[in-house]
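Here is the structure we will look at, set down as structure tokens.
Nothing in this text is a laboratory measurement; each read-out follows from the coordinates by a stated rule. These numbers come from a predicted model, not from an experiment. We place every Cβ from the backbone using ideal geometry, glycine too, and count neighbours over all the protein chains shown.
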Amino acid sequence: MADIIKLHPSVREHRTPRMSAAALSEYLIMKPDQQETVLHNSRFASPPVVTPYFEAMNAIRAYCGDPLRPNSVINAAKESLTGKSHDGALRPKAREEALRCLETLSLFEGARNALGLNGLSLCTTDRYQPLIIEGVRVSIQPDLLIRPQDSDGGKLGVVMFRPQKAPDPEACRLEETRRQRGEHRREMGRYMLAMAHLLVDDQPGWSFDRVQSIVADIRLQERISFSSSDHSARVRAIKAACRQIGKLWNDIEPRQSVLAKA
């Protein structure tokens, strides 16, 4: 009789294939051994006690969604996070997350001009249902929508923020490694925009605005633009990856790190 595998109580197993847009973008540009880790962590997910970057991103979205771009929104968030980072009544992870959010807000403030957001007419958006790509449920969630102008003819642009640290170009000594990690982040951004294109085109009455849509990489302090020249190739790669993920999903075995303690 086969042994019954028991997962740690904090681990949630997804029995049907599902990925976030960021995880699928990583999968597309990683080596096979790294791809295995992405698939494992997508199937056996451990929800964090504190949602990463939640408070920082809420403040950034609220700031950008207000036409006046009020600094008071960012300042209020920083004041609240500073208090939490020093609050001994909170768990260490919550205090660490407050510090990460403070760092993210400071990076965003320094990157506002480089990201070119002030010239865009932005609004917040509700969450979208996952898009089914070759049998895989892919969660694609723009942070902001670019309000269409009368002359846009039903075109809808998106802004997707990327505050995550990994891979961190600044953590490298060698310039070549720093360059490679920066390009890794840019490629992820281009794939995320290709998926955003699929999402918007799936919404009745809208078409995707390739010119204005961006991934705003807060750590690189860069706006990553849509790649029109190879979009068809990227879509083919996304679909092929999803077909592969669908075939591999049921064979993904839980690693020791997600099993219940004996």
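Restricting attention to the range 165-185, which residues are closer than 17 Å to residue 224 by Cβ and small (Gly, Ala, Ser)?
166, 182 - these are the residues of the range 165-185 that are closer than 17 Å to residue 224 by Cβ and small (Gly, Ala, Ser).
Can you name the residue in the range 52-97 that is in a loop (DSSP other than H, G, I, E, B) and touching a residue at least 40 places away in the same chain (Cβ under 8 Å) and is also farthest from residue 216 (Cα to Cα) among such residues?
So in the range 52-97, the residues in a loop (DSSP other than H, G, I, E, B) come out as 52-53, 66-70, 86-91.
With the extra rule that they be touching a residue at least 40 places away in the same chain (Cβ under 8 Å), the set shrinks to 52-53, 67, 69, 91.
Values: 52: 17, 53: 15, 67: 18, 69: 17, 91: 31 Å.
Applying the filter and picking the extreme gives 91.
Just checking, how many residues over the range 32-51 are in contact (Cβ under 8 Å) with a residue 40 or more places away in the chain, closer than 12 Å to residue 13 by Cα and part of a loop (DSSP other than H, G, I, E, B)?
Number of matching residues: 1.
Please list, ordered by first then second residue, the pairs with beta carbon atoms under 6 Å, 6 or more apart or interchain, first in the range 167-190 and over 15 Å from residue 218 (Cα atoms), second buried (at least 18 other Cβ atoms within 10 Å of the Cβ) and of a type in the set (Lys, Arg).
Within 6 Å, no pair qualifies.
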